[in-house]
Structure formats: C-alpha cells, structure tokens
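K.L.:
The structure under discussion is supplied below as structure tokens; questions concerning it will follow.
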Amino acid sequence: MVVQGGVELFILARSFLLPNIENKAWLPYNSQIFNYVEIDSTFYNIPSKQMVTNWNRRTPDNFRFTAKFPKIITHDKKLRMYKRI
C-alpha cells in the first residue's frame, strides 16, 4: 500500500519487479520505490526475531512495515482469547 496525498492505493508489488530480479532482491528494490509494505506472510506464520531484524537491515531507515494479524487470531479463534498470556 502506498499513501500519497491521503489517498490509499493498493498495489500488487510483484508487478513492479523487473523480470530478472531475484527473490532476495525484492525487498531492497521495492523499498526504494515505496514507503512501506504489508507483510502477508505474518498471516500464516509469526516471523522470527532474526527474520524481522533482517527485513529492517535490508531497508532504509524511513521504511515501514505493516503486518497482517496471524490467522489463528482472526479466523481460527475469531479474536476470542481462551486464556490470558
């Protein structure tokens, strides 16, 4: 998602990739074009601290991430908590 002048534009990020770009170059490349990206993989698995640190290391200081809530919270348990953490 890119925000320009208060208007939210949802963009399929992969469509901006150059045909010969490797998967490992996707994040650094797109972080030069966009201000932030939504992390879709967090819906399926909670990333490790090492993975998040690596994402941060590979992007500019002003780049931001938004993470999807894990599906165990939003779909499986439907936002109900069965025990306190």
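K.L.:
What are the ³J(HN,Hα) values, in whole Hz, obtained from phi via the Karplus relation 6.51 cos²θ - 1.76 cosθ + 1.60 with θ = phi - 60°, for each residue of the range 37-53 in sequence order, with x given for Gly and Pro?
P.N.:
So the J values, rounded to whole Hz, are 9, 8, 8, 6, 5, 5, 5, 9, 8, 7, x, 6, 4, 4, 5, 5, 4.
K.L.:
Quick check: Cα centre of the range 23-38 to Cα centre of the range 49-66, how many Å?
P.N.:
10 Å
K.L.:
Moving to a separate point now. Sequence-distant or interchain residues sharing an amide H contact under 5 Å with residue 38, placed H: which?
P.N.:
The list, which skips near neighbours in sequence, is 66.
Each reported figure results from applying straightforward, stated rules to the coordinates on display, with no laboratory input. It should be emphasised that the depicted structure is a prediction, and the values quoted were computed from it without experimental measurement.
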